[in-house]
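Worksheet: one structure, shown below.
Quick note: the coordinates plus some simple rules give every number you see, no bench work behind them. Remember, it's a predicted structure, so these values are computed and weren't measured experimentally. Positions of Cβ are backbone-derived with ideal geometry, glycine not excepted, and every protein chain shown enters the neighbour counts.
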Amino acid sequence: MRKPLHTALNELRQKQKSTFAFNVQNFYQLEACKITAEKLKLPVIIQFSERFLRFLEDKYSVKFIMENFKSDYTYFHLDHCIDIDFIKFCIEAGFDSVMYDGSAFLIDENIKNSLIVKEHAEKFNCLVEGELGKVSGVEDGFGEEGSSYAEIQEIIRYVEETKIDLMALGIGNAHGFYENLEGIDLSILEEASKKLHPEQLFVLHGGTGLPKEVIKEAISYGVVKINISTQLKKETIDILKEFATNNSLYNEISYHTKMVEGLSNFFEQYLLEYTV
Ligand code: 13P
């Protein structure tokens with residue numbers, strides 16, 4: 001029986017564990033994600049950028065992708081998006097959660113739009129992720145350089161007014177590889193977790209390159225969804241390079257197998273470390 005995403009995430013929160021949202025960008029990753037989640041019987045979030053999802057809709061239809069890769073343990077999520085019509089399209093298509101990222105707007109505008117999304121999502125049992133404070137860097141065409149830190153009074157107001165399901169906070173985190181980790185400020189998450197409802201669920205963006213102790217501390221403050229994109233892209237290219245170096249003949253089936261096995265191992269390592 002498939003658990004609703006909210007139930008799966010609440011269970012992780014109670015166990016002080018987290019799952020991962022992997023930003024997929026091809027079919028090998030989609031297949032490996034599903035295989036790994038089913039094998040381990042652990043919830044995994046398949047996360048799409050708006051740009052990649054529009055591409056998939058164009059080429060294959062989102063319905064086709066959902067029919068093939070949504071399963072008892074895989075959940076579908078739309079990453080950073082401000083196009084409310086596109087968010088509604090994903091909600092209606094059966095996504096388990098969507099992100100409305102109003103972090104670049106003033107708080108009033110962010111709250112107003114988050115409420116529009118939340119009201120629509122509730123009708124379809126879909127969770128909504130919101131963000132305060134900007135995560136630096138570009139994620140598949142979305143965002144820009146320059147981060148900002150979420151401010152506690154705004155966090156409290158935003159969560160109270162929107163009843164947001166998943167709260168992403170700018171804590172000095174960034175998309176892409178970190179040059180250094182000096183800017184990471186976990187005290188924002190710690191304070192937010194103390195001042196908000198004890199069951200509030202949090203999201204950590206910019207998971208690539210964060211040390212274990214940072215991830216584990218973030219989980220202790222209620223993070224149940226950690227986003228990984230850059231490291232997955234790198235892993236995919238590394239498997240491809242390794243295969244191309246060691247195989248002179250083109251053979252799609254052995255390449256496919258190698259890719260899916262390699263990516264499954266990659267997903268498995270994250271899940272066994274932080275989700276069980
Ligand atoms: P990384 O690219 O740093 O893994 O961040 C992914 C992310 O936060 C997607 O929203």
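Looking at Gly209, Gly222, which one is within 15 Å of the ligand (Cβ to nearest atom) and either of a type outside the set (D, E, K, R) or within 18 Å of the chain's Cα centre (by Cα) (or both)?
Working: Gly222 fails: within 15 Å of the ligand (Cβ to nearest atom).
Among Gly209, Gly222, only Gly209 is within 15 Å of the ligand (Cβ to nearest atom) and either of a type outside the set (D, E, K, R) or within 18 Å of the chain's Cα centre (by Cα) (or both).
Scan region 118-148 for residues that are more than 10 Å from the ligand (Cβ to nearest atom), exposed (fewer than 15 other Cβ atoms within 10 Å of the Cβ) and not in a helix (DSSP H, G or I) and report the count.
Matching residues across region 118-148 total 6.
If you scan region 226-246, which residues turn out to be of a type outside the set (A, V, I, L, M, F, W, C) and either out of contact with any helix residue (DSSP H, G or I) (no Cβ under 7 Å at 6 or more places or on another chain) or away from the ligand (no atom under 12 Å from the Cβ) (or both)?
Asn227, Ser229, Thr230, Gln231, Lys233, Lys234, Thr236, Asp238, Lys241, Glu242, Thr245, Asn246
Test Lys194 against the criterion of being touching a residue at least 24 places away in the same chain (Cβ under 8 Å) and either closer than 29 Å to Glu235 by Cβ or surrounded by fewer than 22 Cβ atoms within 10 Å (Cβ to Cβ) (or both), and give yes or no. Show your work before the answer.
Numbers: touching a residue at least 24 places away in the same chain (Cβ under 8 Å): no; either closer than 29 Å to Glu235 by Cβ or surrounded by fewer than 22 Cβ atoms within 10 Å (Cβ to Cβ) (or both): yes.
For Lys194, the condition - touching a residue at least 24 places away in the same chain (Cβ under 8 Å) and either closer than 29 Å to Glu235 by Cβ or surrounded by fewer than 22 Cβ atoms within 10 Å (Cβ to Cβ) (or both) - is not met.
Give Phe76, Phe55, Phe89 a once-over and let me know the one that is over 16 Å from Met167 (Cβ atoms) and part of a strand (DSSP E or B).
Phe76
How many residues are part of a helix (DSSP H, G or I) and either in contact (Cβ under 8 Å) with a residue 60 or more places away in the chain or not charged (D, E, K, R) (or both) when one looks only at region 217-260?
Total satisfying the criteria: 22.
Please go through (1) buried (at least 20 other Cβ atoms within 10 Å of the Cβ); (2) in a helix (DSSP H, G or I); (3) of a type in the set (Gly, Ala, Ser) for Ser187 and return the number of the only condition it doesn't satisfy.
Result: Ser187 fails condition (1) only.
So, in region 164-174, of the ones that are part of a loop (DSSP other than H, G, I, E, B) and buried (at least 24 other Cβ atoms within 10 Å of the Cβ), which residue ends up nearest to the ligand (Cβ to nearest atom)?
Selected residue: Asn173.
Within region 1-25, how many residues are more than 16 Å from the ligand (Cβ to nearest atom) and out of contact with any Phe, Trp or Tyr (no Cβ under 7 Å at 6 or more places or on another chain)?
Residues meeting the conditions: 15.
How many residues does region 54-82 contain that are in contact with a helix residue (DSSP H, G or I) (Cβ under 9 Å, 6 or more places away or on another chain), away from the ligand (no atom under 16 Å from the Cβ) and among the charged types (D, E, K, R)?
Residues that pass the stated criteria total 5.
I'd like to know if region 117-129 contains one or more residues that are touching a Ser or Thr at 6+ places or on another chain (Cβ under 8 Å), under 21 Å from Cys33 (Cα atoms) and aliphatic (A, V, I, L, M).
Scanning region 117-129, I find at least one residue that is touching a Ser or Thr at 6+ places or on another chain (Cβ under 8 Å), under 21 Å from Cys33 (Cα atoms) and aliphatic (A, V, I, L, M), so the answer is yes.
Limited to region 89-112, what total is found for residues that are among the charged types (D, E, K, R), buried (at least 17 other Cβ atoms within 10 Å of the Cβ) and under 19 Å from Ser61 (Cβ atoms)?
Pass one, region 89-112, residues among the charged types (D, E, K, R): 92, 96, 101, 108-109, 112.
Checking the rest, the ones that are also buried (at least 17 other Cβ atoms within 10 Å of the Cβ) come to 96, 101.
Filter again for under 19 Å from Ser61 (Cβ atoms), leaving 96.
The qualifying residues number 1.
Hey, any hits in region 30-39 for a residue that's out of contact with any helix residue (DSSP H, G or I) (no Cβ under 9 Å at 6 or more places or on another chain) and surrounded by 20 or more Cβ atoms within 10 Å (Cβ to Cβ)? Spell out how you get there, then give the answer.
Going residue by residue through region 30-39, those that are out of contact with any helix residue (DSSP H, G or I) (no Cβ under 9 Å at 6 or more places or on another chain) are 38.
With the extra rule that they be surrounded by 20 or more Cβ atoms within 10 Å (Cβ to Cβ), the set shrinks to none.
No: region 30-39 contains no residue that is out of contact with any helix residue (DSSP H, G or I) (no Cβ under 9 Å at 6 or more places or on another chain) and surrounded by 20 or more Cβ atoms within 10 Å (Cβ to Cβ).
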